[in-house]
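Read through the structure below, which is laid out as structure tokens, and then see the notes.
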Amino acid sequence: MADLKALANAVIGGEQAKAEEITKAALAEGMTAKKVLDEGLIAGMDVVGARFKNNEIYIPEVLIAARAMKSAVGILEPELAKAGVEPIGTFLIGTVQGDLHDIGKNLVAMMLKGAGFNVVDIGVDIGPEIFVKRARESGAQLVGISTLLTTTMPGMDRILKAMKQAGITAKVMIGGAPVTQAYADKIGADGYAADAATAVDVAKALVA
Ligand code: B1M
């Protein structure tokens, strides 16, 4: 039976090939993609985060762990994204200007795809002008903004203001580790989600 602790350790150690191998084996055994994600990959990345915070490891190790996690998540994607036939709506998503973190955003995007949304992912380090331009071009009903850094949180407010000024009526959901419901309320975002699964529920409620 695939060992999810070993998978977490493979992420922690940045062992990409091993992470891929265990992920494939777990799926082949019929384990759900969500279980593999939560108990293997995210569990591993949590340890990486704690060690990074305590200065036990540094950016190169974190990057190598993130690479292992990303490629294993890529294997899970088709399972996570078993979509409905008709898109529920178009969801534009990106990470705020100045912030390069994208693993959480990518997970949210994948789960939304899985729930039947047409997802337009505009990437990382995205400023208000690009959010406005891409929201207009895509005709998105929902715009999602992610950030992992406290210092880049004010960028969310700037995007909301720019969208309002440009007459974009799409609803806005925000999220990311330092973001809270209180912050969403403060800047006037329509929704907030703490994790990818909740993001799907909130997105569905916002388009209902
Ligand atoms: Co960075 N980093 N990092 N980092 N990094 C954090 C975020 C940090 C908490 C680490 C720490 O100190 N403990 C800290 C931020 C502190 C703060 O401001 N509060 C930090 C820092 C400081 C930095 C740098 C400034 C370090 C430096 O250079 N001195 C630097 C900034 C670079 C930049 O962006 N300009 C930096 C760099 C990096 C790497 C490049 C090395 C790498 C990113 C690789 C990548 O993403 N491609 C990295 C990583 C990997 C992390 C940690 C270890 C892991 C983040 C992650 O992927 N988590 C992180 C510590 C931690 O979180 N444990 C840390 C797994 C992911 C599944 O969770 O992203 O939270 P998360 O997403 C969740 C939810 O938040 C939510 O759903 C997701 C899935 O459930 N969610 C949404 C996310 N977006 C959402 C949007 C929604 C709804 C929900 O709606 C639209």
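The values are calculated or read from the model by the stated rules, or taken from the named source; none is laboratory data. Note that the coordinates shown come from a computational prediction; the quantities given were computed from them, not determined experimentally. Heads up, the Cβs are rebuilt from the backbone with ideal geometry, glycines too, and the neighbour counts pull from every protein chain shown. Accessible surface is based on the protein model in full, side chains and every heavy atom, while ligands, DNA and RNA are left aside. Shrake-Rupley method; radii C 1.70, N 1.55, O 1.52, S 1.80 Å.
Could you tell me whether any residue of the range 57-78 is touching a Leu at 6+ places or on another chain (Cβ under 9 Å), more than 10 Å from the ligand (Cβ to nearest atom) and open to solvent by 10 Å² or more (accessible area, probe 1.4 Å)? Walk me through it before giving the result.
From the range 57-78, those touching a Leu at 6+ places or on another chain (Cβ under 9 Å) are 68-69, 72-73, 75-76; that's our starting set.
If we keep only those that are more than 10 Å from the ligand (Cβ to nearest atom) too, we end up with 68, 72, 75-76.
Still in the running and open to solvent by 10 Å² or more (accessible area, probe 1.4 Å): 75.
Within the range 57-78, one or more residues are touching a Leu at 6+ places or on another chain (Cβ under 9 Å), more than 10 Å from the ligand (Cβ to nearest atom) and open to solvent by 10 Å² or more (accessible area, probe 1.4 Å).
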### Task
Could you please find all residues in the range 142-198 being within 28 Å of Lys35 (Cα to Cα), among the small types (Gly, Ala, Ser) and either open to solvent by less than 30 Å² (accessible area, probe 1.4 Å) or part of a helix (DSSP H, G or I) (or both)?
Gly144, Ser146, Gly175, Gly176, Gly191, Ala193, Ala196, Ala197
### Task
Give the residues of the range 1-30 that are of a type in the set (Gly, Ala, Ser) and within 18 Å of Glu79 (Cβ to Cβ), sorted by residue number.
Ala2, Ala19, Ala25, Ala26, Ala28, Gly30
### Query
Is there a residue being at pLDDT 95 or above and near the ligand (Cβ under 9 Å from one of its atoms) anywhere in the range 158-168?
no
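In the set Val172, Val120, which member is in contact with a Phe, Trp or Tyr (Cβ under 9 Å, 6 or more places away or on another chain) and of a type outside the set (Lys, Arg)? First the steps, then the outcome.
Details: Val172 fails: in contact with a Phe, Trp or Tyr (Cβ under 9 Å, 6 or more places away or on another chain).
Matching residue, one of Val172, Val120: Val120.
Residue-by-condition table, conditions (1) in contact with a Lys or Arg (Cβ under 7 Å, 6 or more places away or on another chain); (2) at pLDDT 85 or above; (3) over 23 Å from Ala43 (Cβ atoms):
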site: Ile75; (1), (2), (3): yes, yes, no
site: Ala83; (1), (2), (3): yes, no, yes
site: Asp99; (1), (2), (3): no, yes, yes
site: Met110; (1), (2), (3): no, no, no
site: Gly139; (1), (2), (3): no, yes, yes
site: Leu148; (1), (2), (3): no, yes, no
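Filter the range 89-110 down to residues that are aliphatic (A, V, I, L, M) and near the ligand (Cβ under 8 Å from one of its atoms), then give me how many there are.
Residues in the range 89-110 being aliphatic (A, V, I, L, M) and near the ligand (Cβ under 8 Å from one of its atoms): 5 in total.
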### Message
Against the conditions (1) under 18 Å from Ala8 (Cα atoms); (2) at pLDDT below 90, where does Glu39 fall short? Just the number, please.
### Response
(2)
### Summary
Ala10 passes all but one of the listed conditions (1) in a loop (DSSP other than H, G, I, E, B); (2) within 16 Å of the ligand (Cβ to nearest atom); (3) open to solvent by less than 80 Å² (accessible area, probe 1.4 Å); the exception is number (1)
### Task
Collect the residues in the range 123-141 that are within 13 Å of the ligand (Cβ to nearest atom) and surrounded by fewer than 20 Cβ atoms within 10 Å (Cβ to Cβ), keeping them in residue-number order.
Gly123, Val124, Asp125
